[in-house]
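S.K.: I'd like to ask some things about the structure below.
Derivation of every value follows stated rules applied to the coordinates shown; laboratory data play no part. Since we're looking at a predicted model, the values are computed, not measured.
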Amino acid sequence: MSTVDEDLYQEVVVEHKRAPRHFGVLEAATQEAQGRNPQCGDQVRVQLRVEDHQVRDIRFSGQGCAICIASASMMTEAVLGQDEAAVCDLQQRFRAVLTGQLEPEAASLGKLVSLAGVRRYPSRIKCALLGWHALMHALRQEEGAAAETTP
């Protein structure tokens, strides 16, 4: 990856930290889960409105480092409107890139590829995956249930 790419990706991460998308409370949530990383103090709650196995609306709230918040923000943009199977597939590809099991170029991640550099910092991988862990737990919940998870 070139320095120009890395600079552009850094800008994307900073922009999502500065102005996170879909941040707040979802009044009509059908499922939700909260993720905590006790090692660094990051906390993220993901709320979903799922209808006919499709993510019709999503919000996240909480506090965390720039990587954690930017990843959760980009996650909400990537999964909104997707069906559950597509969301699960995207999560697996994203996780595989961050853990070094899949090269970023082969993962078809869209803007999420801007977080691929996190894999060079093993202690930050949990930060980037926290919102995704909460998302996956929320998807597994029955309507109206809540769960808590740690990466």
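S.K.: Would you mind checking which residues have amide H under 5 Å from residue 50's amide H? H placed 1.01 Å from N; only 5 or more apart, or other chain.
M.R.: 30, 31, 56
S.K.: Ok, one more. What is the extension gain from residue 14 to residue 103, computed as 0.36 nm multiplied by their sequence separation minus the C-alpha to C-alpha distance, in nm to one decimal?
M.R.: 29.7 nm
S.K.: Output ³J(HN,Hα) for the range 116-125: one whole-Hz value per residue in order, computed from phi by the Karplus curve 6.51 cos²θ - 1.76 cosθ + 1.60 with θ = phi - 60°, and x for Gly and Pro.
M.R.: So the J values, rounded to whole Hz, are 4, x, 4, 4, 7, 10, x, 5, 9, 4.
S.K.: Quick one: grab the alpha carbon gyration tensor of the range 53-106, order the square roots of its eigenvalues as a ≥ b ≥ c, and give me rounded if a/c is under 1.5, else prolate or oblate depending on whether a/b is larger than b/c.
M.R.: The shape class here is oblate.
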